[in-house]
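Working notes for the structure below.
A short reminder: the numbers here are calculations on the coordinates, not readings from a lab. Every value quoted in this text rests on a predicted model; they were computed, and no experiment measured them. Methodologically, a virtual Cβ is constructed for each residue, glycine included, from the backbone with ideal geometry; neighbour enumeration extends over all protein chains shown.
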Amino acid sequence: MLKNMGFDFQIMVREVEESFPNELNAAEAVKYIARKKAEAFLDISTQNVVLTADTIVVLDGDVLGKPADEGEAVQMLKRLSGRWHEVMTACCLLKNSEFSIIFEVTRVLFDSLSKEDIEYYVAQYKPLDKAGSYGIQEWIGTVGITRIEGSYHNVVGLPTAKLYKQLKGMGLGE
């Protein structure tokens, strides 16, 4: 997505534990994790703009993070079946030890999913690295999502329109 937006970038990975304090609500939690990820790159923030992000799925006030295993993935998708939920993404931009947060919420409606479709998706696509156990850009999104209110790219994991404006405002890009 960053390439499609016209930005040059380098991917760097640093392991960060993605937990958050229990007293935080969903919006605060996703912002906390995005910042926590950025803090792992403080040592390079004087030479670079660092971008980190985190995405969560929220249903009935419950945060649905990444499933622990395929059984939990199936259970999450059964809960989401036929229901509206929210996808929240927070991006943290870090430059010269200064943090800036971008936050977006998108509402998503799943059609009623059959047990067979859920089990097929989990077995074939292994969504253990995805909040809420699904990727909208994958098979389940193509056949199961009937409506979204807000940014599609936010559900993929990056609120591109807001991010583009912020990065351009920092003098980055073409």
Mind checking the angle between helix 160-169 and the chain's longest principal axis? C-alpha axes, 0 to 90 degrees, to the nearest 10.
0
How many nm is it between the label spots at K126 and E28, if each spot is 7 Å from the Cα in line with the beta carbon?
3.7
What lysines does K3 reach when the alpha-carbon gap must be under 23 Å and sequence neighbours fewer than 8 apart in one chain are set aside?
K37, K95, K130, K162, K165, K168
Per-residue ellipticity at 222 nm attributable to helices in the chain (runs of n ≥ 4 DSSP H, -39500 (n - 2.57) apiece, nearest 500 deg cm²/dmol) works out to -9500 deg cm²/dmol
Two-site FRET efficiency, K165 against D60, from Cβ-Cβ distance with R₀ of 35 Å, rounded to 0.05:
0.60
For L2, residues with placed amide H under 5 Å, excluding near neighbours
none
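How charged is the neighbourhood of L94? Take every other residue with its Cβ under 12 Å from the Cβ of L94, and add Lys/Arg as +1 and Asp/Glu as -1.
On the way: positive: R35, K36, K37, K95; negative: E39, D43, E98.
Residues close to L94 contribute a combined charge of +1.
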In whole Å, what is the distance between the alpha-carbon centres of the stretch 9-86 and the stretch 129-174?
14
Reach of K115 by Cα under 20 Å, taken over aspartates and glutamates that are not fewer than 8 positions away in the same chain:
D69, E70, E72, E138
Please build a GNM for the chain, connecting alpha carbons under 10 Å apart, and tell me which residue among E17, E86, E138 fluctuates the most.
E17
Hey, if you drop one equal point scatterer on each alpha-carbon of the chain and run the Debye formula without solvent, what base-10 log of I(q)/I(0) do you get at q = 0.20 Å⁻¹?
-1.33
Charge tally in the Cβ shell below 12 Å around R79, where Lys, Arg are +1 and Asp, Glu are -1, R79 excluded:
-1
